[in-house]
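Following: one structure in structure tokens, then a few remarks.
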Amino acid sequence: MVRRHRPQRVHPPRLDAPRPPGLRLHRPPHIAIANTASDLTPCNAHLDEVARSVANGVHEAGGVPLNLPVVSLGETQVRPTAMLWRNLAAMAIEEMLRANPIDGVVLLGGCDKTIPALLMAAASVDLPAVVVPGGPMLTGHFRGTPLGCGTDVWRLSEEVRAGTLSQEAFLRSESAMIRSKGHCNTMGTASTMACMAEALGTTVPGIAGTPAPDSRLLALAQETGRLAVELVAEDRRPSTILTSGSFRNAIVTLAAIGGSTNAVVHLLAIAGRLGIDLTLDDFDRTGSGVPLLVDLQPAGRHLMDDMYRAGGLLAVLNEVRDLLDPEALTVTGRPLVEQLTDAEIWDESVIRRRADPLLPDAGIAVLRGNLAPDGAVIKPAAASPELLRHRGRAVVFDSVEDLHARLDSPDLDVDETSVLILRGCGPKGYPGMPEVGNLPLPAKLLAKGIRDMVRVSDARMSGTAYGTVVLHAAPEAAIGGPLSLVRTGDIVVLDVPARRLDVELSTVELGQRQPADVRAAAPARGWERLYIDHVLQADKGADLDFLVGSSGDRVSRESH
Ligand code: FES
Ligand code: MG
């Protein structure tokens, strides 16, 4: 093993000389700016400008900034689903960080999968690293009403299908919604993962949620560039910052902000890279009893711009300070809790006081039962309270194509008490575990005014989506999980308070059934082949089995 690119340790020349802090380099530190800017990722398209501010900060602190374009994933552009490529992005970024002569890295992300992929890579290569989240877009209005990305698209598209909104008005609402640069302005996955990056301690304080067009984002990016040089000097690496305490902080934050269910899969994958024993049950255990304090779509009313104006993430964290790990460090070298002292709430209708929460218990619930022996998740904050205990007849779809072909048929035997089941959409089954778990409701029920039903799948859902939706059922149907055994007409019982998801069939009856074959055609080659052969189930973070863990920053051989 050689360490050609890595800084050399210089021991103090004399025993009585002050010991230099951390590492000393023979040259100015090389700071990569891992940049996910791309015209095909509109949410991250402005990151080149942010990168210039980071580079200025690196220069100011005496480092050498090096722009490193990395794999970018645009949620709305990439097919069949950006999640299929998250692990590819993480793998490519990790290898380029290791292979190039760099000492530290600033990670620029925004759209849903980009921050998770960057953090997974940084965790595995373990070079000093700091995140700059690209920030949400500004609030757009349509017919005088603020619109939330994703959340209002789901809502208004149901109105189009119900016949209460024209297609033309729907398209106008869409262009009103996307008003500025930045990522989705709801508490979807992008906003959630920015907050997770800060709660984990991997950003400068107060940056999560800074709107993309806000000049303060560039100032904080410059500060981050300076900090990156300090991280190298101090040898402060992801493995010293990302601990079980910082994951605790992330889970508490996830509940308090009403964040995306996708964070569960991403945090499990990041923890897996670090060898931290984080399990699905930790989300329920740690998140239970954490109040929902942020009144943002999809769990509430407002948008990211409102949260920033109301005091931002630090004000939220200050309200739940006693639930946070007091020792979990951040990239600044100080514990997260010490960075909350000055944080104030300026608008209590957006960020609620601890004594007056939106919901007293907002954690993501982890369900088990004979339909999901390895677990499934539901976000009670975005569900209909009256459906959290429900017993209904299954209506089963074997694929999204099957769903689209039959859902709106007048002959579909379904009513509002039915439980819609979609299978074949897990990590291996689709492949890539797409965001289809919030499946649309049958047109004839929409016409009756029904707007929510219990839905169960092995898929994910967009962080911007809502409804009484059970997701990530594991093991998935494509590998013979029990969802593959359910038939239309079976009785499904959801009991969120008891954390149960069952079909009313005995173990013997289930054992006698043949699993439905819902696997996608096996790809002969390429990434999809590698992915299907190696992807783990959702309850393990859906990483590839051989990417779990860390290889550090050492290169194996010289190039000549
Ligand atoms: Fe990029 Fe929503 S589409 S964050
Ligand atoms: Mg999304």
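Annotations for the structure displayed:
- Any pair with Cβ under 8 angstrom, 6 or more apart, that starts in the range 199-225 at a residue that is without any contact (Cβ under 8 Å) to a residue 60 or more places away in the chain and ends at one that is surrounded by 24 or more Cβ atoms within 10 Å (Cβ to Cβ): ARG216/THR210
- Where a residue in the range 462-479 is aliphatic (A, V, I, L, M) and its partner, wherever it lies, is assigned to a helix (DSSP H, G or I) and away from ligand 2 (no atom under 16 Å from the Cβ), with Cβ under 7 Å and at least six apart: ALA473/LEU483; ALA474/ALA538; ALA474/ASP539; ALA477/LEU483; ALA477/SER484
- Screening the range 345-398 for strands (runs of 3 or more DSSP E) wholly inside it with 2 or more residues that are under 26 Å from the mean Cα position of the chain (by Cα), of a type in the set (Val, Ile, Thr) and within 22 Å of ASP502 (Cβ to Cβ) returns the ranges 375-378.
- The lone criterion from (1) in contact with a strand residue (DSSP E or B) (Cβ under 8 Å, 6 or more places away or on another chain); (2) touching a residue at least 24 places away in the same chain (Cβ under 8 Å) left unmet by THR507 is number (1).
- Here VAL132 clears all of (1) outside any helix (DSSP H, G or I); (2) farther than 19 Å from ARG236 by Cβ; (3) within 16 Å of ligand 1 (Cβ to nearest atom) except the condition numbered (2).
- Lone qualifier among GLU344, GLU401, GLU338, GLU348 - being among the acidic types (Asp, Glu), out of contact with any helix residue (DSSP H, G or I) (no Cβ under 9 Å at 6 or more places or on another chain) and closer than 30 Å to LEU227 by Cα: GLU338
- So VAL414, is it assigned by TED's automatic domain parsing to the domain that holds ALA197, in contact (Cβ under 8 Å) with a residue 12 or more places away in the chain and assigned to a loop (DSSP other than H, G, I, E, B): no
- Helices (runs of 4 or more DSSP H) contained entirely in the range 199-304, each with at least 2 residues that are among the aliphatic types (A, V, I, L, M) and out of contact with any Cys (no Cβ under 8 Å at 6 or more places or on another chain): 215-234, 244-257, 262-274
- Complete set of residues in the range 149-191 that are at pLDDT below 95 and within 12 Å of ligand 1 (Cβ to nearest atom): CYS149, GLY150, THR151, VAL153, MET177, ILE178
- Single condition GLY109 does not satisfy, out of (1) of a type outside the set (A, V, I, L, M, F, W, C); (2) within 16 Å of ligand 2 (Cβ to nearest atom); (3) closer than 26 Å to GLY467 by Cα: (3)
The values are calculated or read from the model by the stated rules, or taken from the named source; none is laboratory data. Not measured: the values here are computed from a predicted model. Every residue, glycine among them, receives a Cβ derived from its backbone with ideal geometry; neighbour counts consider all protein chains shown.
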